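The values are calculated or read from the model by the stated rules, or taken from the named source; none is laboratory data. Everything numeric in this text was worked out from a predicted model, so none of it was measured. For neighbour counting, all protein chains shown are included, and Cβ atoms are generated from backbone atoms with ideal geometry for every residue, glycine included.
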Amino acid sequence: MRKGIIVLILALLAGVTAFCLMRSHKMAVIRGPLLDAMPELAWVRTELKLTDEQFAKVSELHAAYRPKCKELCRSISDAHEKMEGLARKDRNLTPELEEALREHARIHVESQQAMLKHLYETAAVLDHNQASRYLEAMLPYALDFSHSESANLHSR
């Protein structure tokens, strides 16, 4: 009886392992190298049901925007840290703090403009319905940077 249970457990484990390996292999084939390199695009492809041609163009636009996005995110973070440090340091609205506030605002505007440009370029690759759904999901991120500010504050 005990040997039968052990054989049953081993058979189940072998079956689960084989299933997981096959599923992993199939998903790697389906996703392909672009999705492995840019997993953030998976939802775009599946939710908007992009054609291969659309997905290739969206991936190309996304890859081209990534370095600019990273640079702007770093600039936002640096400007926020400087502004916050000056605000805590003197407890006064100094000329340095006023300048840091202006620089912080300038960088936010630059970031929003760059992101909006990228979103509109991406939407132009899509059909009307896909573009509408894409912009509905993405525009809040381009128009409201509170998510980036709260991430900076919580990471300290």
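Checking Val109, Val44 one by one, the residue that is surrounded by fewer than 13 Cβ atoms within 10 Å (Cβ to Cβ) and among the β-branched types (Val, Ile, Thr) is Val109 and no other. The residues of the range 51-83 that are out of contact with any Ser or Thr (no Cβ under 8 Å at 6 or more places or on another chain) and aliphatic (A, V, I, L, M), listed by number, are Ala56, Ala63, Ala64, Ala79, Met83. Would the range 114-129 turn up any residue that is more than 19 Å from Ala63 (Cβ to Cβ) and either touching a residue at least 24 places away in the same chain (Cβ under 8 Å) or among the β-branched types (Val, Ile, Thr) (or both)? No, the range 114-129 contains no residue that is more than 19 Å from Ala63 (Cβ to Cβ) and either touching a residue at least 24 places away in the same chain (Cβ under 8 Å) or among the β-branched types (Val, Ile, Thr) (or both).
Here the condition is being in the same structural domain as Ser132 (by TED's automatic domain parsing), at pLDDT 55 or above and farther than 22 Å from Ala137 by Cβ; of Glu53, Glu71, it holds for Glu71 alone.
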